[in-house]
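So the structure is just underneath, and the comments pick up after that.
The values are calculated or read from the model by the stated rules, or taken from the named source; none is laboratory data. Just so you know, these numbers come straight off a predicted model, no measurement behind them. Every residue, glycine among them, receives a Cβ derived from its backbone with ideal geometry; neighbour counts consider all protein chains shown.
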């Protein structure tokens, strides 16, 4: 009896250990993948290189697999459909080419790319953010110049004036943007009505007032997913754009004309803390990731959402479609011009300089970028497009929200880029966690300013 | 070796592949990262050698570093405190249940689940009331509203919420190890003790405990080293936030390397982690050798 028991428990022990070591293998280094998979199933994953064998032998080109890293994980969004439909179409036309989508959340993709870059294994096509965020990669020579791609089929002329400048270094363009967006405040008209709010706020004071009213009615005033800390920063920077009385604060800091301990910055931190203290954000905001944060608004549980206009198509595809409007971020303490916006010149597609199939990848990207505007237009996602597209929004059956946003675009009188697009990564990290901290505790605003200044000085080149 | 009658050369041939693999996959990377820790390097462009600059920064200037070390060590202590409980449970299971195996297997289930799943699962348990968090829901329905918290986002609480999940997950693992150990103690010893008048907990004190020491040691070392390297659970549940309140050494290393592009600095932290692991493994071994000697 004893002996059998022993054998049995040993057997359990061994099988357990085996399972454990298997689990360990599966886990290591794949966290980004795992959680991406749990967040959003990849619909085109089955099209890996294994499928090639079944194809007819008639095609003459050599078999090529292009890895396309992207940040469109949510199957409910038009962008997700866009990338899947375009890649499928290209693969149909070019049977020798397989395009493998590596689909991740924004923050996960950033980290994965950095990890890959450190070992010089950048995927054939990846996504980068403009200006300062992209610079270290370009400096390290990881991306191929795309001037020839732009010259092909007149692609260059489709981009809006000046947009490509954010992705150009030393006269070469290194990435093709997927859009050109501004930060707006989306609001749920139905919830505003329920709370008895007639007009959208035009000053920060009114906004705070609305926040309190909404809060009393048990409605979450502002949706946010602050586990991905860029979301809070994006909102904060809009306040700073106002308190500074116009764009260029970070540029002034960079050029030494101002410091973070400038009154404009401290005022912005104060205003932001007022929002937090008023209970504007959902409980536990810092444990909600950006997608889930957006879904609070898109499922009609929050009244406002301060985010880039890139969400227009996704909102129109969600359950609150038709109930949503948008307005400019209000003035703060009477300062700032509502027609100055936080600018988000897209994320952009870059090609690895070390790609094994540079020619094929460039050909695909040309196809992709040329067809992107048309496809987005079809999918009702043409608002915030960085490229010119023929067609009238209203006539094509676009929502009032889309027309509303397009109207805001016409009012743009300049603005700022996001913090992490302007400052170097080390300073940006301190900034991001400093803003995240404001969500969970009250901090002396001067101390926040000081923390920023110290980080900036410590990481200055 | 003479007993085996195998020439040394043969032994070398058989040992070499494994040794090579081990050296290549473990020692060389550690040495490389020690060297990288001496560089100012962003992981992409050219590096500059700055000697011990990173370590100085780490020990003196970094406001995140020491708190994260403290949290890591607390993590380790918490998971070691769990082991005696596992042992007690194992003894009870062994004594009162004829078929403890089924129960042990059930306790073991969380271990085979992926940490990502565990993390997501517990996130929904810990969610704030407004998002339907289970724990808060239960507290509210018991009339204990004042006990509800935002478990993962209140800086003072969040880390303990993470410790608990980790303890919960690995309880079954250590229970299994202890249970196997307890079962391997021959019944004859207990029978003899019974005749001499030692029964129940007295028998445990004089028979089970001394004989279980080596197994106990394995659990302690595994728990300790495992929690020093804790990473995945923290990453999934809080990513070190809010504002570094749940950063442990390994997440701080990760954020420095890949968030701030301070690859050299991240490597310095990694080096520190390796040294801590080695030192504490040594210390634990020493302590147990003493205990062993005392019993024998």
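Being within 14 Å of another protein chain (Cβ to nearest Cβ) and farther than 30 Å from residue A:263 by Cα holds for only one residue in A:447, A:353, A:395, A:458, and it is A:353.
Name the single residue that is farthest from the other protein chains (Cβ to nearest Cβ) among those in region A:135-163 being within 21 Å of residue A:429 (Cα to Cα) and surrounded by fewer than 21 Cβ atoms within 10 Å (Cβ to Cβ). Lay out the reasoning, then the answer.
The initial filter retains those residues of region A:135-163 that are within 21 Å of residue A:429 (Cα to Cα), namely A:135-140.
After this cut, where a residue has to be surrounded by fewer than 21 Cβ atoms within 10 Å (Cβ to Cβ) as well, the list is A:135-136, A:139-140.
Numbers: A:135: 10, A:136: 5, A:139: 6, A:140: 4 Å.
Per the stated criteria, the residue is A:135.
Each residue in region B:179-207 was checked for being part of a helix (DSSP H, G or I) and over 25 Å from the mean Cα position of the chain (by Cα), and 17 of them qualify.
Within region A:85-111, the set of residues being touching a strand residue (DSSP E or B) at 6+ places or on another chain (Cβ under 9 Å), surrounded by fewer than 21 Cβ atoms within 10 Å (Cβ to Cβ) and within 15 Å of residue B:258 (Cβ to Cβ) comprises just one member, A:106.
Looking at A:435, A:405, can you tell me which residue is under 21 Å from residue B:251 (Cα atoms) and part of a helix (DSSP H, G or I)? Even if it seems obvious, please write down each step before you answer.
On the way: A:405 fails: under 21 Å from residue B:251 (Cα atoms).
Just a single option satisfies the conditions, and that option is A:435.
Yes or no: residue A:64 within 14 Å of chain B (Cβ to nearest Cβ), modelled with pLDDT of 50 or more and surrounded by 16 or more Cβ atoms within 10 Å (Cβ to Cβ)? For residue A:64, the condition - within 14 Å of chain B (Cβ to nearest Cβ), modelled with pLDDT of 50 or more and surrounded by 16 or more Cβ atoms within 10 Å (Cβ to Cβ) - is not met. Got at least one residue in region A:322-339 being within 21 Å of residue A:177 (Cβ to Cβ) and either without any contact (Cβ under 8 Å) to a residue 12 or more places away in the chain or in contact with a strand residue (DSSP E or B) (Cβ under 8 Å, 6 or more places away or on another chain) (or both)? The answer is no; no qualifying residue exists.
Comparison of B:222, B:211, B:233 shows that the only residue that is farther than 24 Å from residue A:112 by Cα, in a helix (DSSP H, G or I) and within 11 Å of chain A (Cβ to nearest Cβ) is B:222.
One residue stands out in region B:127-150 among those that are more than 8 Å from chain A (Cβ to nearest Cβ) and closer than 30 Å to residue B:69 by Cβ: the one that is modelled with the highest pLDDT, namely B:135. Here the condition is being surrounded by fewer than 22 Cβ atoms within 10 Å (Cβ to Cβ) and closer than 30 Å to residue B:223 by Cα; of B:117, B:195, it holds for B:117 alone.
Scanning region A:286-297 for residues that are in contact with a helix residue (DSSP H, G or I) (Cβ under 6 Å, 6 or more places away or on another chain) and surrounded by 23 or more Cβ atoms within 10 Å (Cβ to Cβ) yields a single hit, A:286. When residues in region B:213-238 are screened for being over 19 Å from residue B:273 (Cα atoms) and free of Cβ contacts under 8 Å to residues at least 40 places away in the same chain, 1 of them pass. Mind listing just one residue for me: the one in region B:247-267 that is touching a residue at least 60 places away in the same chain (Cβ under 8 Å) and outside any helix (DSSP H, G or I) and, of those, farthest from the other protein chains (Cβ to nearest Cβ)? Filtering first and then ranking leaves B:248. Of the candidates B:38, B:87, the single residue that is touching a residue at least 24 places away in the same chain (Cβ under 8 Å), away from chain A (no Cβ under 14 Å), crowded, with 17+ Cβ neighbours inside 10 Å and touching a strand residue (DSSP E or B) at 6+ places or on another chain (Cβ under 9 Å) is B:38.
Being within 11 Å of chain A (Cβ to nearest Cβ), touching a residue at least 60 places away in the same chain (Cβ under 8 Å) and assigned to a loop (DSSP other than H, G, I, E, B): is that true of residue B:176 here? No. The condition (being within 23 Å of residue B:279 (Cα to Cα), at pLDDT 90 or above and either touching a helix residue (DSSP H, G or I) at 6+ places or on another chain (Cβ under 6 Å) or part of a helix (DSSP H, G or I) (or both)) is satisfied by just one residue among B:15, B:77, B:60: B:77. Identify the residue in region B:90-114 that is outside any loop (DSSP other than H, G, I, E, B) and at the interface with chain A (Cβ under 9 Å from one of its Cβ atoms) and, among all such residues, is nearest to residue B:222 (Cα to Cα). Ranking the qualifying residues of region B:90-114, first place goes to B:111. Do you know which residues across region A:191-234 are surrounded by 24 or more Cβ atoms within 10 Å (Cβ to Cβ), touching a strand residue (DSSP E or B) at 6+ places or on another chain (Cβ under 7 Å) and within 22 Å of residue A:448 (Cα to Cα)? Hits for region A:191-234: nothing passes.
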